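Trainee: Got a structure for you, written out below as C-alpha cells; questions coming shortly.
The values are calculated or read from the model by the stated rules, or taken from the named source; none is laboratory data. Quantities reported herein were computed from a predicted structural model and do not represent experimental measurements. As a convention, Cβ positions derive from the backbone with ideal geometry for all residues, glycine included, and neighbour counts pool all protein chains shown.
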Amino acid sequence: MKRRLVISVALLALATAAGCSGYRPAPPAFHAALTKPYVLDSGDRVRITVFEQASLSNVYSVDQAGYIAFPLVGAIAARGQPASAIERQIAGKLRDGYLRDPDVSVEIDRYRPVFVMGEVGAAGQYSYVPGMTAQKAVAAAGGFTARANQGGVDITRDINGKVMTGRVLTSDPVLPGDTIYVRERLF
C-alpha cells in the first residue's frame with residue numbers, strides 16, 4: 001500500500017512537471033496553413049519573367065519591408081501575396097504605359113530560410129526545401145544532441161500576421177520562415 005502511494009505521488013509530480021513545461025499542442029491553423037497557397041514574405045527570392053523582354057526578366061528579392069523593386073514600375077507589394085497576385089500586379093503596371101500586352105510569370109527561386117534552435121548539433125538558419133519536415137530540418141542542423149527530446153518539436157509560425165507556437169511530431173512538415181525548437185528531455 002505504501003509503495004502504491006509513493007508511485008502515485010511520483011506520477012502526480014511528473015504530470016505536474018510536464019504540465020508546467022509549456023506544452024502547447026499545435027493549433028488547427030498550423031495544419032490548415034499547409035494546404036493554402038504559398039505567400040511571399042521578406043527573405044524570399046522570385047524569378048520574374050516578362051516574355052520577349054529580356055531586360056526585365058531577372059531574379060528579384062523581397063526586401064525587409066515586403067516589396068520587390070521592379071524596373072520601370074517601382075515597388076511591388078509582395079508580403080502576404082501569392083506569386084499569381086504578383087504576376088497580375090506587374091502585368092497591370094506594365095500595361096499602364098510601358099507594354100501593350102505583357103505576359104508575366106513569377107516563380108519562387110529561393111524560399112526564406114527556416115531556423116533550428118535548441119538541442120541540435122549546430123543551431124542556426126538553414127535553407128528551406130519543399131517537402132521539408134521537422135526531422136529533416138533537425139538533420140540539416142547536425143541532428144539531435146544526446147539531451148534532446150526526440151518525441152516532438154515546438155514550431156513557431158507566422159499565420160496571417162499572427163505568430164503561433166505549437167508542439168508537433170518530427171514527421172510534420174515545416175514551412176519557410178518557421179522556427180523549430182528542440183527541447184531538452186527530462187530524463
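Trainee: Could you list, in sequence order, the residues of the range 25-60 that are more than 15 Å from Asp158 (Cβ to Cβ) and part of a loop (DSSP other than H, G, I, E, B)?
Mentor: Pro37, Phe51, Glu52, Gln53, Ala54, Ser55, Leu56, Ser57
Trainee: Please enumerate the residues belonging to the range 163-183 that are touching a residue at least 40 places away in the same chain (Cβ under 8 Å) and either in a strand (DSSP E or B) or in contact with a Pro (Cβ under 8 Å, 6 or more places away or on another chain) (or both).
Mentor: The answer is Met164, Thr165, Gly166, Arg167, Val168, Pro173, Pro176, Gly177, Thr179, Ile180, Tyr181, Val182.
Trainee: Filter the range 61-97 for residues that are assigned to a loop (DSSP other than H, G, I, E, B) and of a type in the set (Gly, Ala, Ser); which is nearest to the chain's Cα centre (by Cα)?
Mentor: If we take residues in the range 61-97 being assigned to a loop (DSSP other than H, G, I, E, B) and of a type in the set (Gly, Ala, Ser), then Gly80 is nearest to the chain's Cα centre (by Cα).
Here's the yes/no breakdown for (1) in contact with a Ser or Thr (Cβ under 6 Å, 6 or more places away or on another chain); (2) at pLDDT 90 or above:
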{"site": "Phe30", "(1), (2)": "no, no"}
{"site": "Val39", "(1), (2)": "no, yes"}
{"site": "Gly43", "(1), (2)": "no, yes"}
{"site": "Thr49", "(1), (2)": "yes, yes"}
{"site": "Ser55", "(1), (2)": "no, yes"}
{"site": "Gly74", "(1), (2)": "no, yes"}
{"site": "Ala78", "(1), (2)": "no, yes"}
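Trainee: Now, a different point. Given (1) part of a strand (DSSP E or B); (2) farther than 19 Å from Ala26 by Cα; (3) of a type outside the set (Lys, Arg), where does Thr156 come up short, assuming only one miss?
Mentor: The single condition Thr156 does not satisfy is (2).
Trainee: If a residue must be surrounded by 12 or more Cβ atoms within 10 Å (Cβ to Cβ) and farther than 19 Å from Tyr111 by Cα, how many such residues does the range 160-174 contain?
Mentor: 7
Trainee: Within the range 101-115, count every residue that is in contact (Cβ under 8 Å) with a residue 24 or more places away in the chain and in a loop (DSSP other than H, G, I, E, B).
Mentor: 5
Trainee: Now for a different question. Within the range 64-105, which residues are within 15 Å of Arg47 (Cα to Cα), among the aliphatic types (A, V, I, L, M) and either touching a Leu at 6+ places or on another chain (Cβ under 6 Å) or exposed (fewer than 15 other Cβ atoms within 10 Å of the Cβ) (or both)?
Mentor: Of everything in the range 64-105, those that are within 15 Å of Arg47 (Cα to Cα), among the aliphatic types (A, V, I, L, M) and either touching a Leu at 6+ places or on another chain (Cβ under 6 Å) or exposed (fewer than 15 other Cβ atoms within 10 Å of the Cβ) (or both) turn out to be Ala69, Ala78.
Trainee: Assess whether Asp41 counts as being under 25 Å from the mean Cα position of the chain (by Cα), surrounded by 17 or more Cβ atoms within 10 Å (Cβ to Cβ) and not β-branched (Val, Ile, Thr).
Mentor: Yes, satisfied.
Trainee: Select from the range 149-159 the residues that are over 11 Å from the mean Cα position of the chain (by Cα) and either in contact (Cβ under 8 Å) with a residue 40 or more places away in the chain or not assigned by TED's automatic domain parsing to the domain that holds Val138 (or both) and list them in ascending order.
Mentor: If the condition is that a residue be over 11 Å from the mean Cα position of the chain (by Cα) and either in contact (Cβ under 8 Å) with a residue 40 or more places away in the chain or not assigned by TED's automatic domain parsing to the domain that holds Val138 (or both), then Asp154 is the only one that fits.
Trainee: Six or more apart or on different chains, Cβ atoms under 6 Å: show the pairs whose first residue is in the range 121-135 and assigned by TED's automatic domain parsing to the domain that holds Ile155 and whose second is assigned to a helix (DSSP H, G or I) and not acidic (Asp, Glu).
Mentor: Taking only residues 6 or more apart or on different chains, the pairs are Tyr126/Ala140.
Trainee: Name the residues in the range 154-187 that are among the polar types (S, T, N, Q) and touching a strand residue (DSSP E or B) at 6+ places or on another chain (Cβ under 8 Å), would you?
Mentor: Thr156, Thr165, Thr170, Ser171, Thr179
Trainee: Further question on the same structure: Could you say which residue among Gly131, Gly177 is within 23 Å of Pro82 (Cα to Cα), surrounded by fewer than 13 Cβ atoms within 10 Å (Cβ to Cβ), under 15 Å from the mean Cα position of the chain (by Cα) and of a type outside the set (Ser, Thr, Tyr)?
Mentor: Unique residue meeting the criteria: Gly131.
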